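**Q** Take a look at the following structure, please.
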Amino acid sequence: LFLFSMSFSKAQTIYNESEVPSFEVPDPLVTFKGKTIGTIGDWENVRRPELHTYFETKVYGKIPKNLKIDSYKILEQEDNALNGKANRRQVELTFKHNDKVLSFTILLYLPKKVENTAVFLGYNFYGNHTITEDESVLISTAWADNNEGFDIVNNTLTAASRGKRTHRWAIEKIIDAGYGLATIYYGEVDPDKDDFSDGIQSLLYSKNQKHPKADEWGSISAWAWGLSKAMDYFEKDPEIDAARVIAFGHSRLGKAALWAGANDKRFAGVISNNSGCGGAALSKRKFGETIGVINERFPHWFCTNFKEFNNKEETLAVDQHQLLALIAPRPLYIASAEEDRWADPKGEFLSALYASSVYELYGKKGINIMDMPVVNSPILNTVAYHIRTGKHDVTDYDWEQYIKWADTFLR
Ligand code: GTR
């Protein structure tokens, strides 16, 4: 997919700093009507709600109803997983509405030596069984995009791809540091295709509705919803400290993690790994992927209203730094990769920098340098940032920084 995206829009894609048109981003601390915000109260009661509503109705789309977990079931559990270091649990959450049913399964590893565990929660792209060699991890039967590299044929996940994504999930490091890891195959919540007859949206349609309304949820909102429902489950699980859960996501799933953190204040923090356009990167800075390109290739990710801004980024009343600001004062980590120019590392950095004024309002330390740091030199403040060497990916280096940063506020 990534290679495809590089060639798709080669003609228009800007990869040269000198070609980036000048742009202006709106101030998080000035309301749409021009009033300057100087207090936490005004931010929380006036500015934050108007920004949230804008992102909800113009960018990602509203979640029509707060559907509760109908039931949950422990499908499998083991007290001696990962060479005896961890408990493993696979928990299926089921949702019902309008005679339709949707289930998704959370794979959980919790360190044995810790009680009331803080957890990293994040989706995976190709099934829970790809994140580990552990033979006991169940293989999802949900729809998957055909992909030879992951042995997916007839849109079905297979055992041949067990463990194929271990390099993105530093499970041992996470467990050894005393954290739990929870992951979900994102296709179980909403299959990643331009088809609104399936996925969680389909449970909540009104009579004869076949597509979300222009201001209703696309797939990113659906995935964000799923993270919040996992949180509903964590609140019932005595072994998990629901007050210390960090939403994590890479790329499109990083976009979902950010939106989940903006919607749901129960998340203690958010990590956006290479989330790019429609995630951490500024939209008005037209470097790499743009709104027009993302909406054309993935028409189902954002709400229909977002298409108004195709090639008209300047008409957006917000930009992505204000999405980041919605997470304040909770810790937020934005990570880029040097070779991931499609995601615009500088646009991701500037977004974290421009969100920082809201963190400062709360007396928290945001990004306090104006220029991007050099590669592999993380800034581990409440707003954290790094750009590492290498490609669009999640690496051990990334996880080492996330753990170090989480230790500063979750311990
Ligand atoms: C790309 C897309 C990016 C990013 C990425 C991914 O094709 O253009 O916005 O989301 O996919 O999720 O891997």
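**Q** Can you name the condition, by its number, that Ala343 falls short on among (1) closer than 23 Å to Thr389 by Cα; (2) open to solvent by less than 10 Å² (accessible area, probe 1.4 Å); (3) more than 16 Å from the ligand (Cβ to nearest atom)?
**A** (3)
**Q** Checking the conditions here, which among Arg252, Arg244 is within 16 Å of the ligand (Cβ to nearest atom), crowded, with 18+ Cβ neighbours inside 10 Å and either within 25 Å of Ala325 (Cα to Cα) or small (Gly, Ala, Ser) (or both)?
**A** The unique qualifying residue is Arg252.
**Q** Out of the residues in segment 358-371 that are surrounded by 17 or more Cβ atoms within 10 Å (Cβ to Cβ) and part of a loop (DSSP other than H, G, I, E, B), state the one that is farthest from the chain's Cα centre (by Cα).
**A** It comes out as Lys364.
**Q** Could you check how many residues of segment 243-299 are of a type in the set (Asp, Glu) and touching a strand residue (DSSP E or B) at 6+ places or on another chain (Cβ under 9 Å)? Outline the logic, then answer.
**A** Restricting attention to segment 243-299, the residues satisfying the condition of being of a type in the set (Asp, Glu) are 264, 289, 296.
From what is left, the residues that are touching a strand residue (DSSP E or B) at 6+ places or on another chain (Cβ under 9 Å) are 264, 289.
Here the count works out to 2.
**Q** Quick check on Asn263: is it within 16 Å of the ligand (Cβ to nearest atom), open to solvent by 10 Å² or more (accessible area, probe 1.4 Å) and either free of Cβ contacts under 8 Å to residues at least 60 places away in the same chain or closer than 21 Å to Lys68 by Cα (or both)?
**A** Answer is no for this residue.
**Q** I'm trying to understand the selection: among the residues of segment 385-411, which are assigned to a loop (DSSP other than H, G, I, E, B) and either within 16 Å of the ligand (Cβ to nearest atom) or β-branched (Val, Ile, Thr) (or both)? Walk me through it before giving the result.
**A** So in segment 385-411, the residues assigned to a loop (DSSP other than H, G, I, E, B) come out as 389-395, 411.
Hits for segment 385-411 are Thr389, Gly390, Lys391, His392, Asp393, Val394, Thr395.
**Q** In addition: For segment 207-225, name all the residues that are away from the ligand (no atom under 16 Å from the Cβ) and either open to solvent by 20 Å² or more (accessible area, probe 1.4 Å) or more than 20 Å from Ala328 (Cα to Cα) (or both).
**A** Once the filter is applied, which keeps residues that are away from the ligand (no atom under 16 Å from the Cβ) and either open to solvent by 20 Å² or more (accessible area, probe 1.4 Å) or more than 20 Å from Ala328 (Cα to Cα) (or both), segment 207-225 yields Lys207, Asn208, Gln209, Lys210, His211, Pro212, Lys213, Ala214, Asp215, Glu216, Trp217.
**Q** Looking only at segment 125-169, how many residues end up being in a loop (DSSP other than H, G, I, E, B), out of contact with any strand residue (DSSP E or B) (no Cβ under 9 Å at 6 or more places or on another chain) and either within 16 Å of the ligand (Cβ to nearest atom) or under 23 Å from Val245 (Cβ atoms) (or both)?
**A** 1
**Q** From the list Ile139, Ile171, Ile175, pick out the single residue that is open to solvent by 10 Å² or more (accessible area, probe 1.4 Å) and over 29 Å from Asp70 (Cβ atoms).
**A** The conditions single out Ile171.
**Q** Specify the residue that is farthest from Gly249 (Cα to Cα); the eligible residues are those in segment 283-300 that are among the hydrophobic types (A, V, I, L, M, F, W, C) and open to solvent by less than 10 Å² (accessible area, probe 1.4 Å).
**A** The first filter runs over segment 283-300 and keeps only residues among the hydrophobic types (A, V, I, L, M, F, W, C), leaving 287, 291, 293-294, 298.
Now drop any that are not open to solvent by less than 10 Å² (accessible area, probe 1.4 Å), which leaves 291, 294.
Numbers: Ile291: 20, Ile294: 18 Å.
Here the residue is Ile291.
**Q** Can Ile271 be described as within 16 Å of the ligand (Cβ to nearest atom), β-branched (Val, Ile, Thr) and surrounded by fewer than 24 Cβ atoms within 10 Å (Cβ to Cβ)?
**A** Judged against the criteria, Ile271 is not a match.
**Q** Is it the case that Val153 is open to solvent by 50 Å² or more (accessible area, probe 1.4 Å), β-branched (Val, Ile, Thr) and either more than 30 Å from Thr304 (Cβ to Cβ) or within 19 Å of the chain's Cα centre (by Cα) (or both)?
**A** In short, yes.
**Q** Taking segment 378-403, which residues are out of contact with any strand residue (DSSP E or B) (no Cβ under 7 Å at 6 or more places or on another chain) and small (Gly, Ala, Ser)?
**A** None; the set is empty.
**Q** Now, a different point. Just to be sure I understand, how many residues within segment 9-45 are within 23 Å of Gln322 (Cβ to Cβ), assigned to a loop (DSSP other than H, G, I, E, B), open to solvent by less than 80 Å² (accessible area, probe 1.4 Å) and not charged (D, E, K, R)?
**A** So the count comes out to 13.
**Q** Inspect all residues belonging to segment 109-124 and state whether any of them is assigned to a loop (DSSP other than H, G, I, E, B), buried (at least 23 other Cβ atoms within 10 Å of the Cβ) and in contact with a strand residue (DSSP E or B) (Cβ under 6 Å, 6 or more places away or on another chain). Break it down into steps so the answer makes sense when it comes.
**A** As a first pass, look at segment 109-124 and keep what is assigned to a loop (DSSP other than H, G, I, E, B): 112-116.
Checking the rest, the ones that are also buried (at least 23 other Cβ atoms within 10 Å of the Cβ) come to none.
There is no residue in segment 109-124 that is assigned to a loop (DSSP other than H, G, I, E, B), buried (at least 23 other Cβ atoms within 10 Å of the Cβ) and in contact with a strand residue (DSSP E or B) (Cβ under 6 Å, 6 or more places away or on another chain).
**Q** Here's something else I'd like to know. Checking the structure you have, find out if any residue of segment 47-66 is open to solvent by less than 20 Å² (accessible area, probe 1.4 Å), modelled with pLDDT of 95 or more and within 16 Å of the ligand (Cβ to nearest atom).
**A** So far as segment 47-66 goes, yes, one or more of its residues are open to solvent by less than 20 Å² (accessible area, probe 1.4 Å), modelled with pLDDT of 95 or more and within 16 Å of the ligand (Cβ to nearest atom).
**Q** Could you please let me know if Glu296 is touching a helix residue (DSSP H, G or I) at 6+ places or on another chain (Cβ under 6 Å) and within 11 Å of the ligand (Cβ to nearest atom)?
**A** Spelling it out, it is not the case that Glu296 is touching a helix residue (DSSP H, G or I) at 6+ places or on another chain (Cβ under 6 Å) and within 11 Å of the ligand (Cβ to nearest atom).
**Q** Of all the residues that make up segment 297-353, how many are assigned to a loop (DSSP other than H, G, I, E, B) and either in contact with a Cys (Cβ under 6 Å, 6 or more places away or on another chain) or not acidic (Asp, Glu) (or both)?
**A** The number of residues fulfilling the criteria is 18.
The values are calculated or read from the model by the stated rules, or taken from the named source; none is laboratory data. Bear in mind that the values here come from a model prediction, so they are computed numbers and not experimental data. Note that each Cβ is placed from the backbone with ideal geometry, even for glycine, and that neighbours are counted across all protein chains shown. Just so you know, the surface numbers come from the protein's heavy atoms only, side chains and all, with ligands and any DNA or RNA stripped out. Shrake-Rupley method; radii C 1.70, N 1.55, O 1.52, S 1.80 Å.
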